[in-house]
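Please treat every number below as a calculation from the coordinates, not as lab data. Computed from a predicted model, the values in this text were never measured in an experiment. Note that we place each Cβ from the backbone using ideal geometry, even for glycine, and neighbour counts take in every protein chain shown.
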Amino acid sequence: NVEKTFITASKAAFKQKTEPAMACSRRLGNTYTGSLYQCLASLLSTIEPEVLKGKRISLFAFGSGCAASFFTARVKGDTSEIREKLDLLNRLKSMKVVPPQDFVDALTLREKNHNAHDYTPEGLVGNVWPGAYYLESIDKKYRRKYVRAPLTA
C-alpha cells in the first residue's frame, strides 16, 4: 500500500514538525476555530525563541464544510515576552481535571439558559483564570455585562 509506505516514511518528520504545537490540543481537545491559535500558542511556548526567529510558520484551519484557510507567518522578532506572558505549559499543568459528567452538567446548564435575559449566571467563579473576563449578568434588553477576575488569587 503506497499510502502506508509514505506515512511510515514521513512519520519522524511529521512528528518533529507538529509535536511542538500540540500542547493545548493534547490537554484541551478540539476547540474548533480556537485550535489553530492554541497550536500557535503551543508552538511559541515549546520552541526556544532563538530557534523560531526568522522561521516561517504554516497555519491551516479547515472548516466542517467547504471552507478552509491556509496562511503563513514569519517570526521576525524575539518571542520571549509572548512565551513568558502566556506561561502556557504551566497553566496547562495546573488545570483541574473533572469527571465527564461535570462537563455534561455544564452543557445542560448552558442549554437551559440559552437566550436568557434578566439573568445572572449560577455557579462559582473561583475556577476562572486570573485576569480573565466572565459574564456577570444579562439585563432585560439582552445587554451583557462582563467583569474581570482579579489578577491574583
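Among the listed options (1) 2, 7, 9, 9, 7, 5, 4, 4, 4, 4, 4, 3, 3, 3, 3, 3, 3, 3, 3, 3, 2, 2, 2, 2, 2, 2, 2, 1, 0, 0; (2) 2, 9, 16, 17, 18, 16, 12, 7, 3, 1, 0; (3) 2, 7, 11, 14, 16, 16, 13, 10, 6, 3, 2, 1, 0, the one matching P(r) over Cα pairs in 5 Å bins from 0, in percent as calculated from these coordinates is (3).
If you run the Gaussian network model on the chain, springs between alpha carbon atoms under 10 Å, then out of L43, L109, L59 the most flexible one is L109.
Dividing the radius of gyration of the alpha carbons in region 19-81 by their Kirkwood radius gives 1.00 for Rg/Rh. Potential lengthening of the chain between L89 and C66 amounts to 4.9 nm, from the contour at 0.36 nm per residue minus the alpha-carbon distance.
Take every Cα pair under 8 Å in region 1-134 that's 6+ residues apart, average their separations, divide by the length, and report that relative contact order as a whole percent. Mind showing how you got there, number by number?
Values: 88 pairs, mean separation 22.9, N = 134.
It rounds to 17 percent for region 1-134.
Each stretch of four or more DSSP H residues adds -39500 (n - 2.57); spread over every residue of the chain, this sum gives -12500 deg cm²/dmol at 222 nm. As a length-normalised measure over Cα pairs under 8 Å and 6 or more apart, the relative contact order of region 72-147 settles at 20 percent.
Descending by average beta-carbon neighbour count within 10 Å, the peptides 27-40, 67-80 line up as 27-40, 67-80, the highest first. If the segment from V128 to R143 were pulled out straight at 0.36 nm per residue, it would be longer than the present Cα-Cα gap by 3.3 nm. Charge tally around R143: other residues with Cβ under 15 Å, Lys/Arg +1 each, Asp/Glu -1 each, net +1. Springs between alpha-carbon pairs under 10 angstrom, Gaussian network model over the chain: which of V97, V51, V128 fluctuates most? Looking only at V97, V51, V128, the biggest GNM fluctuation is shown by V128. Of interest is the spacing of the C-alpha centroids, which for region 87-153 and region 1-49 amounts to 28 Å. Qualifying chymotrypsin sites (Phe, Trp or Tyr not before Pro) in region 93-153, where qualification requires a DSSP coil assignment and no more than 13 other C-beta atoms within 10 Å, comprise Y142.
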